[in-house]
1. For Phe5 and Thr49, calculate 0.36 nm times their separation in residues minus their Cα-Cα distance, and state this gained length in nm to one decimal.
2. Subtract the Cα-Cα distance of Val23 and Asp86 from 0.36 nm times their separation in residues, and report this length gain in nm to one decimal.
3. Which order do Met108, Met27 take when ranked by solvent-accessible area (1.4 Å probe, heavy atoms of all protein chains), largest first?
4. Which part of segment 17-44 falls in the paramagnetic zone of Gln107, meaning amide N under 15 Å from the point 7 Å along Cα-to-beta-carbon?
5. Is the C-alpha gyration tensor of segment 10-63 telling us rounded, prolate or oblate? Criteria: a/c under 1.5 is rounded; beyond that, a/b larger than b/c is prolate, otherwise oblate.
6. Straight distance only, please: which lysines reach the Cα of Lys93 with their own Cα at less than 25 Å, same-chain residues fewer than 8 apart left out?
7. Counting only Cα, what are the radius of gyration and maximum Cα-Cα distance Dmax of the chain, in Å?
8. Between Thr36 and Leu134, what length in nm is gained on full extension when 0.36 nm per residue of separation is reduced by their alpha carbon distance?
Amino acid sequence: MASPFDFKHAPGHLIRRAHQLSVAIFMDEAAAFEVTPVQFSIINALMDTPGVDQVTLATRVAFDAATSGSVIGRLEARGWIRRQVDPADKRRKLLWVTQAGEKAAIQMKKAVTRVQKRILSPLDAAEQALFLELLDRLVAGHEPGAATD
């Protein structure tokens with residue numbers, strides 16, 4: 001009989017579990033804001049690049065452009081972002097964070113900082129730095145156009 005696959009130590013399984021933990025910790029720390037990690041990312045990306053179009057924004061936060069429309073719609077319904085048709089191209093929607101959205105994002109930052117600390121808390125400072133460096137390299141190595149050996 002063949003030995004079973006050791007999924008508990010497989011990178012894909014561990015990454016999925018780490019993602020589950022990350023989202024659970026985010027939802028715990030940011031519960032008062034009733035916001036998801038993707039919504040928080042979108043608001044913050046818009047604060048950095050006001051007036052960007054939906055497709056570019058989705059790329060910046062590494063989120064599916066088709067799905068981002070519904071997330072943006074929920075943020076718009078809360079009054080946190082404003083969507084406007086691009087006068088130069090009626091098919092494009094341009095986005096801005098509203099004053100209410102910016103205020104909410106600023107209030108959320110303390111909770112999100114706690115999230116990051118909790119996620120990394122099982123590791124000491126050197127391990128945290130190494131872990132983040134390796135995650136960054138892993139993600140960058142799978143980006144379109146990344147050099148592959």
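1. Extending this stretch completely gives an extra 11.3 nm.
2. Here the answer is 19.3 nm.
3. From most exposed to least exposed: Met27, Met108.
4. Label zone hits: 30-36, 40.
5. oblate
6. Lys103
7. 18.4, 66
8. Result for the pair: 32.8 nm of gain on full extension.
The values are calculated or read from the model by the stated rules, or taken from the named source; none is laboratory data. Here the structure is a predicted model, which means the values were calculated and not measured. Positions of Cβ are generated from backbone atoms using ideal geometry, with glycine treated the same way; all protein chains shown enter the neighbour counts. Accessible surface is based on the protein model in full, side chains and every heavy atom, while ligands, DNA and RNA are left aside. Shrake-Rupley method; radii C 1.70, N 1.55, O 1.52, S 1.80 Å.
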